[in-house]
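The structure under discussion appears below in the form of structure tokens.
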């Protein structure tokens, strides 16, 4: 399905991003990854750099087009957290997270727009943190809220040129951890999520099977955000 398609992925050296990259490579795609971390994976193109820096995005775009000539899919995956108001997340730290989580996806979409082939697609990776929070997570929450809204904004502006959708993961284990029965039980599907759960949806949204979808946000969290929990309900308790 994706043989020789060109896929650009931010934050693809590890975690969900790496799993997405590997899923595309398994389907025969040519994959260009940008990440601050080094990578031991043999991507078609790997560019090490910080996407909060405009010059890095410009250099990456130039390298992608020089190498491939065009782009089929852009996966805006990279984001970080610098905490929030309770940990005195500074002006600079808060802005830095927004540059990575919102500004870079917008600017990279702009830079690559003239080079998208027919039936191109952008998939933005959001988070359930865009809709619900733990304390002291404002920098990340704001970035994920921003990219969720950016998705429908781009979908309308790029109508007829590129389809744009977002995925909202819930709890996704990227460390091959072992979880308790309670961890699993708070998900209606009975388990914690895996990176491949997100990668599978990315491939679907980039495929012709999703050709009638744009501007949508798809939540993949095992039903966790739909489970209503009261204190002392089903053995759960809350303390503060």
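The values are calculated or read from the model by the stated rules, or taken from the named source; none is laboratory data. Just so it is clear, the structure is predicted and the values come from calculations on it, not from any experiment. With ideal geometry, Cβ positions are generated from the backbone for all residues, glycine too; neighbour counts draw on all protein chains shown.
List of remarks:
- Residue match in the stretch 182-196 (condition: closer than 30 Å to residue 115 by Cα and in contact (Cβ under 8 Å) with a residue 40 or more places away in the chain): yes
- Within the stretch 212-237, the set of residues being exposed (fewer than 14 other Cβ atoms within 10 Å of the Cβ) and at positive phi comprises 232, 234, 235.
- When residues of the stretch 71-92 are limited to those that are touching a residue at least 40 places away in the same chain (Cβ under 8 Å) and surrounded by fewer than 17 Cβ atoms within 10 Å (Cβ to Cβ), the one farthest from residue 34 (Cα to Cα): 86
- Boolean, residue 154 is touching a strand residue (DSSP E or B) at 6+ places or on another chain (Cβ under 6 Å) and either closer than 30 Å to residue 89 by Cβ or part of a helix (DSSP H, G or I) (or both): yes
- Among residues of the stretch 188-201 being in contact with a helix residue (DSSP H, G or I) (Cβ under 8 Å, 6 or more places away or on another chain) and over 12 Å from residue 19 (Cα atoms), the one that is surrounded by the most Cβ atoms within 10 Å (Cβ to Cβ) is 192.
- Sole residue being in contact with a helix residue (DSSP H, G or I) (Cβ under 9 Å, 6 or more places away or on another chain), outside any strand (DSSP E or B) and either surrounded by fewer than 21 Cβ atoms within 10 Å (Cβ to Cβ) or in contact (Cβ under 8 Å) with a residue 12 or more places away in the chain (or both), chosen from 122, 100: 100
- Every listed requirement among (1) in contact with a strand residue (DSSP E or B) (Cβ under 9 Å, 6 or more places away or on another chain); (2) within 30 Å of residue 70 (Cα to Cα) is met by residue 194 save one, (2).
- Subset tally (residues that are surrounded by fewer than 21 Cβ atoms within 10 Å (Cβ to Cβ), within 21 Å of residue 224 (Cα to Cα) and free of Cβ contacts under 8 Å to residues at least 40 places away in the same chain) for the stretch 130-150: 3
- Which listed residue is over 24 Å from residue 33 (Cβ atoms), surrounded by fewer than 18 Cβ atoms within 10 Å (Cβ to Cβ), at pLDDT 95 or above and out of contact with any helix residue (DSSP H, G or I) (no Cβ under 6 Å at 6 or more places or on another chain), from 207, 159, 185: 159
- Test: residue in the stretch 3-25 that is closer than 19 Å to residue 210 by Cβ and at pLDDT below 95: no
- Matching strands (runs of 3 or more DSSP E) fully within the stretch 2-77 where at least 3 residues are over 17 Å from the mean Cα position of the chain (by Cα): 45-48
Table: residues versus (1) touching a strand residue (DSSP E or B) at 6+ places or on another chain (Cβ under 9 Å); (2) surrounded by fewer than 19 Cβ atoms within 10 Å (Cβ to Cβ); (3) at positive phi.
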{"site": "36", "(1), (2), (3)": "yes, yes, no"}
{"site": "51", "(1), (2), (3)": "yes, no, no"}
{"site": "60", "(1), (2), (3)": "yes, no, no"}
{"site": "69", "(1), (2), (3)": "yes, yes, yes"}
